[in-house]
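Here is the structure we will look at.
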Amino acid sequence: MADLETRAKRVLSPVLGHYTWLPISRGEGSWLITDAGRRILDLTCGIAVTPVGHAHPKVVSAIKAQADKLSHICAGVALYEPNVALAEALVTVTPPGFDTVFFGNSGAEAIEGSLKLARQVTRRNAIIVFRGGFHGRSTGAMAVTTSKAGYRRGYGALLPDVYMAPFPYPLACPIKPEHDAETCAEHCLAELDVLLEHHVPAEHVAAILIEPVLGEGGYVAPPASFLRSLRELATRIGALLIFDEVQTGFGRTGAWFAAQKIGVTPDVLALAKALGGGLPLGAIVAPRELQAKWLQGTHGSTFGGNPVSCASGLATLEVLRDEKLVDRADVLGALMVRELRPLAGHPSVREIRSFGAMVAVEFDSSERSKAAIKGALERDVLLITCGFHDQAVRFIPPLNITEADLVKGVRALVDAVRTDTGAVATPA
Ligand code: PLP
């Protein structure tokens, strides 16, 4: 039989972009094992999905036990324990007042539902988003996504009434000379005022939607003051502030949610990825007062919150809580930044950024970042890129990774960059 890559290329749609074509047969904690038995350290978590690593025994046993009992009935058809139990557990870790959950299957769905909720409840249509945000691939989610214009290629008109303001990302700012994040944030807020003065009346705005830390767009954290200003603005104009915490949620930033870390409470949290602990799951979490205004029957899902995904999500949440992994994100972040120090001042490295365990190295080109992850993979470490041009490498380690493994992983990248033939080596 042909190898897996050949078979995949024959039968699977080429529309899906691939970071690698590695044939993976198993995952064990922080490690992936290929069909040929090669062990690869996974610093991607499958794009921020497996915060307690692969095949955690507690998660596996919860999935098996639930699959043995019931894998589907639809939450709208009948009640089942894991659905309610996960919602109950989830609202113990969300910001105060975030006590009511709607389950879907993915991040894009969580965004779609959040936008529907905002439009219906406010009886307004306009959505303000921020340049560089990524919110998913469905038509509505794509309409609010601006991390790469290419995502929209050939798709024609998307959702109307979406307005984009700049996100404070000094390195990507077209305004020269170079300036710091606070100054950049001031410019962005001024542009937001311009938007409200010239493009969309404030009373038309249903929602202000933002990733509190850009994920796909480059692992960029805005100053807290920027998010505080958005909070004040949303309150003042009667719009909902929606935080897309699909990538930042579940401990990645050093708090359960970036909202808590930053100290800014939105009106709606859109969640997915780590929520299901490896199985498909998304959620819209908001105070009951708001959810109760969402007209019954005007949103729904066949698979949303299915029993096995909820059991997996609940077990994952319990492991994060019981093993105190949320607190560990800052420790891991500091360790990664320390180990990346030899790259500071490297001619192809523009910036090393961190926010909790969200760490990125921005290079001067996507050729450099792609060469870096290729070099890391040659050293048996899996990493992926992010950024508007894929010019950054992001680290997304499991939050229970051993320090020794993480050091090994970061050093693989450092080594790859320093020995990249196109790069000028710098002393450590
Ligand atoms: N929002 C953010 C911040 C994301 O990072 C992603 C996916 O990467 C999404 C939404 C979309 O999630 P999904 O791929 O589960 O639809």
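The values are calculated or read from the model by the stated rules, or taken from the named source; none is laboratory data. Note that the coordinates shown come from a computational prediction; the quantities given were computed from them, not determined experimentally. Cβ sites come from the backbone with ideal geometry, for glycine too, and all protein chains shown count toward neighbours. Ligands, DNA and RNA are stripped out before the accessible areas are found, and what is left, the full protein with its side chains, is counted by its heavy atoms. Shrake-Rupley method; radii C 1.70, N 1.55, O 1.52, S 1.80 Å.
Condition check ((1) over 26 Å from Trp256 (Cβ atoms); (2) not hydrophobic (A, V, I, L, M, F, W, C)) across all residues:
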site	(1), (2)
Ile352	no, no
Met358	no, no
Glu362	yes, yes
Ala371	yes, no
Glu378	yes, yes
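With the requirement that a residue be among the β-branched types (Val, Ile, Thr) and open to solvent by 10 Å² or more (accessible area, probe 1.4 Å), what does segment 236-269 give you? Steps first, please.
Applying the first criterion (among the β-branched types (Val, Ile, Thr)) to segment 236-269 yields 237, 242, 246, 248, 253, 262, 264-265, 268.
Ile237, Val246, Ile262, Thr265, listed by residue number.
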Any hit, segment 8-25, residues being out of contact with any helix residue (DSSP H, G or I) (no Cβ under 8 Å at 6 or more places or on another chain), assigned to a helix (DSSP H, G or I) and surrounded by 12 or more Cβ atoms within 10 Å (Cβ to Cβ): yes
All helices (runs of 4 or more DSSP H) inside segment 270-373 with 2 or more residues being within 30 Å of Lys69 (Cβ to Cβ) and either within 16 Å of the ligand (Cβ to nearest atom) or open to solvent by less than 20 Å² (accessible area, probe 1.4 Å) (or both): 307-322, 325-340
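Residues that are in the same structural domain as Thr44 (by TED's automatic domain parsing), open to solvent by less than 30 Å² (accessible area, probe 1.4 Å) and touching a Cys at 6+ places or on another chain (Cβ under 9 Å): does segment 377-386 have at least one?
Filtering segment 377-386 for residues in the same structural domain as Thr44 (by TED's automatic domain parsing) gives 377-386.
Adding the requirement that they be open to solvent by less than 30 Å² (accessible area, probe 1.4 Å) leaves 381-386.
Retained after the next criterion (residues that are touching a Cys at 6+ places or on another chain (Cβ under 9 Å)): none.
No, segment 377-386 has no match at all.
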Members of segment 211-235 found to be open to solvent by 20 Å² or more (accessible area, probe 1.4 Å) and either more than 13 Å from the ligand (Cβ to nearest atom) or aliphatic (A, V, I, L, M) (or both), listed by number: Ala221, Ala224, Ser225, Arg228, Ser229, Arg231, Glu232, Thr235
Total residues in segment 122-139, condition surrounded by 17 or more Cβ atoms within 10 Å (Cβ to Cβ), within 24 Å of Leu290 (Cβ to Cβ) and more than 11 Å from the ligand (Cβ to nearest atom): 8
Residue, least open to solvent (accessible area, probe 1.4 Å), within segment 170-201, restricted to residues that are part of a loop (DSSP other than H, G, I, E, B) and closer than 20 Å to Leu233 by Cα: Val200
Residue match in segment 56-70 (condition: out of contact with any Phe, Trp or Tyr (no Cβ under 9 Å at 6 or more places or on another chain), of a type in the set (Val, Ile, Thr) and assigned to a strand (DSSP E or B)): no
